[in-house]
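*Asks:* The structure under discussion is supplied below as structure tokens; questions concerning it will follow.
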Amino acid sequence: MMEVYLDNSATTRCLPEVAALMTHIMCEEYGNPSSLHKKGVESEKYVRHAKEVIAKCLKVQEKEILFTSGGTESDNIALIGGAYANYRAGRHIITTRIEHPAVLQTCAYLEEQGFEVTYLPVNAKGVISLADLEKAMTRNTILVSIMHTNNEVGSVQPVEQAGELIKRMNPNTLFHVDAVQGFGKFKIYPKRMNIDLLSVSAHKIHGPKGVGFLYINEKAKVRPIIYGGGQQKGMRSGTENVPGIAGMARAVEEIFVDFDAKINYLYGLKERFIKGVRTIDGIRINGPEGRDGAPHVVSVSIQGVRSEVMLHALGDKGIYVSAGSACSSNKPSVSATLKAIGVDKQFLDATLRFSFSLYTSEAEIDYTVKCLGELVPMLRRYTRK
């Protein structure tokens, strides 16, 4: 039986060279980067090199890169740290209805602390209206948080236009972008796009879990939310995860080699998959289907079959997919994203996410489509009336 991993929006397979580098550092160059002896200096070089790699990729300064434990922590520092550092200028925050829980739950926390949050709606493709953003902006708006690429349906927001609008209306408003799904799939340049804060996670680009970074514009006012030994100039105390940071930098280097060819390959897989599943009766594709959306994410609603049932049926065939965001997959809640884009009630618990990577083959896509074609009519017979 073929094994097919199509849950790459949840996490990706680590590159062999990344794993090898991390093993070497953990076993040979294992010093604390804050130590002044040779072992510490060796470790600190990896941290410094990682900053160079990431800063060059984003066309920003090395001092503007803050290493974190991943996307969730990066989002929390951006929102909580940004809100509390600027609360004297206002208490209004803007975000969207389809953000990752790391943003939505943090905004809910900030509301409890007295901040006002406006949640922008999206259209059927999962994209915000710039007119709605402009209407929501006030002189008290201190922070806007808009994800680059949605993790469930693959919609891509007009980030560059939003950044221009925000800064034109209020140059002091911080603009945060959750780029966890977009980084490595699109070229993102914070300075050009007026982005003050950018969240990224390594394990979405074939790097290790438990590490990420937050770009912080040198002029942005952000408070630390973790205190301790004063590492990273006091912005995020705690001994740096040197193997993880080095592994992330290696993954960043690799993901942008032959970048256009890699992205075209992913779009080819997406097109092949959508064309295949459209031959199955009662199938609905959610979100953008072409190059206006992400190259690696397809949301599929299957009429008459609950997502949990189909997920396990595909698992029995060696095909691994998701019923939504992996970060909230253990919670029996309806997807806020699917509701926001207007998915019919009958499809809310009948939707799966298929997400691809450079390791995904055309043969795996064809096998998945074949299995879906066999399973869907069979499972519909057992649907409760």
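The values are calculated or read from the model by the stated rules, or taken from the named source; none is laboratory data. On a predicted model such as this, the values are computed, not experimentally measured, just so you know. FYI the Cβ positions are ideal-geometry reconstructions off the backbone, even for glycines, and counts take in every protein chain you see. We work out accessible area using only protein heavy atoms, side chains counted, and drop any ligands, DNA or RNA first. Shrake-Rupley method; radii C 1.70, N 1.55, O 1.52, S 1.80 Å.
*Asks:* Roughly how much of residue 69 is accessible, in Å² to the nearest 10, using a 1.4 Å probe?
*Replies:* Rounded to the nearest 10, that gives 60 Å².
*Asks:* A further question on this structure: Which of 280, 165, 231 sits farthest toward the positive end of the charge dipole of the chain, with +1 on the Cβ of Lys and Arg and -1 on the Cβ of Asp and Glu?
*Replies:* The Cα lying farthest towards the positive end belongs to 165.
*Asks:* While we're here: List the lysines whose Cα lies under 18 Å from the Cα of residue 270, skipping any in the same chain that are fewer than 8 positions away.
*Replies:* Excluding near neighbours in sequence, the set is 125, 185, 204, 262, 370.
*Asks:* When the dipole is taken about the Cα centre of the chain, and only Lys, Arg (+1) and Asp, Glu (-1) are charged at their Cβ, what size is it in debye, to the nearest 20?
*Replies:* Numbers: 47 positive and 41 negative charges, 137 e Å.
Using Cβ point charges on Lys, Arg, Asp and Glu, the chain gives about 660 debye.
*Asks:* Testing the spin-label approximation: label points 7 Å from Cα along Cα→Cβ at residue 140 and residue 259. State their distance in nm.
*Replies:* Going by the 7 Å Cα→Cβ label model, 4.0 nm.
*Asks:* Quick check for me: using +1 on Lys/Arg Cβ and -1 on Asp/Glu Cβ, what's the dipole size of region 243-385 about its Cα centre, in debye to the nearest 20?
*Replies:* My answer is approximately 740 debye.
*Asks:* For region 23-81 and region 284-303, write down the distance between their C-alpha centroids in whole Å.
*Replies:* 35
*Asks:* Something else now. With an 8 Å Cα cut-off and a minimum separation of 6 or more residues, compute the relative contact order for the chain in percent.
*Replies:* 23
*Asks:* A follow-up question, please. Given the DSSP H assignment, sum -39500 (n - 2.57) over each helix run of at least 4 residues in the chain and divide by its residue total; what's the result at 222 nm in deg cm²/dmol, nearest 500?
*Replies:* Values: 13 runs with 144 residues, N = 385.
One gets -11500 deg cm²/dmol as the mean residue ellipticity at 222 nm.
*Asks:* Evaluate E = 1/(1 + (r/R0)^6) for residue 379 and residue 38, where r is the Cβ-Cβ distance and R0 equals 45 Å; express this FRET efficiency to the nearest 0.05.
*Replies:* Rounded to the nearest 0.05, the efficiency is 0.15.
*Asks:* Now for a separate question. Residue 187: which aspartates and glutamates have alpha carbons under 12 Å from its alpha carbon, excluding same-chain residues fewer than 8 sequence positions away?
*Replies:* Those aspartates and glutamates meeting the cut-off are 160, 260.
*Asks:* Show me, for region 48-62, the HN-Hα J-couplings you get by feeding each phi into the Karplus relation (A = 6.51, B = -1.76, C = 1.60, θ = phi - 60°), rounded to Hz, glycine and proline as x.
*Replies:* 5, 4, 4, 4, 4, 4, 5, 4, 5, 4, 8, 6, 10, 8, 4
*Asks:* Next question, about the same structure. Quick query: amide H of residue 230 versus all other amide H atoms, modeled in the peptide plane; which residues come in under 5 Å with a sequence gap of 5 or more or a different chain?
*Replies:* 237, 238
*Asks:* Same structure again: Sequence gap of 8 or more, or different chains, plus Cα separation below 17 Å: how many lysine pairs satisfy both in region 23-74? Don't jump to the answer; show the numbers that get you there.
*Replies:* Values: 45/56; 45/63; 51/59; 51/63.
For region 23-74, qualifying lysine pairs total 4.
*Asks:* Calculate the FRET efficiency for residue 281 and residue 132 from the Cβ-Cβ distance with a Förster distance of 30 Å, rounded to the nearest 0.05.
*Replies:* Rounded to the nearest 0.05, the efficiency is 0.25.
*Asks:* Could I ask something else about it? How many angstrom lie between the Cα centre of region 139-167 and the Cα centre of region 181-207?
*Replies:* Centre-to-centre distance over Cα atoms comes out at 13 Å.
*Asks:* Continuing with this model, one more query. Show me, for region 350-359, the HN-Hα J-couplings you get by feeding each phi into the Karplus relation (A = 6.51, B = -1.76, C = 1.60, θ = phi - 60°), rounded to Hz, glycine and proline as x.
*Replies:* Values per residue, Gly and Pro as x: 9, 10, 10, 10, 10, 9, 10, 9, 5, 7 Hz.
*Asks:* Might you report the magnitude of the Cβ-based charge dipole of region 133-268 about its Cα centre, with Lys and Arg at +1 and Asp and Glu at -1, to the nearest 20 debye? Don't jump to the answer; show the numbers that get you there.
*Replies:* Values: 17 positive and 12 negative charges, 94 e Å.
My answer is approximately 460 debye.
*Asks:* So, taking all protein chains as they sit and a 1.4 Å probe, how much accessible area belongs to residue 14, in Å² rounded to tens?
*Replies:* 50
*Asks:* What order do 284, 13 take when sorted by accessible area (1.4 Å probe), most exposed first?
*Replies:* The ranking, largest first, comes out as 13, 284.
*Asks:* Alpha carbon centre of region 230-251 versus region 258-275: separation in Å?
*Replies:* Comparing the Cα centres of region 230-251 and region 258-275, I get a distance of 33 Å.
*Asks:* May I ask you to evaluate 6.51 cos²θ - 1.76 cosθ + 1.60, the Karplus curve with θ = phi - 60°, for each residue of region 308-317 and list the ³J(HN,Hα) values in order in whole Hz, giving x for glycine and proline?
*Replies:* With coefficients 6.51, -1.76 and 1.60, one gets 5, 5, 5, 4, 6, 5, 5, x, 5, 8 Hz.
*Asks:* Output the peptides 94-103, 304-313, 59-68 sorted from most to least packed, where packing is the average of other Cβ atoms within 10 Å over each peptide's residues.
*Replies:* 94-103, 59-68, 304-313
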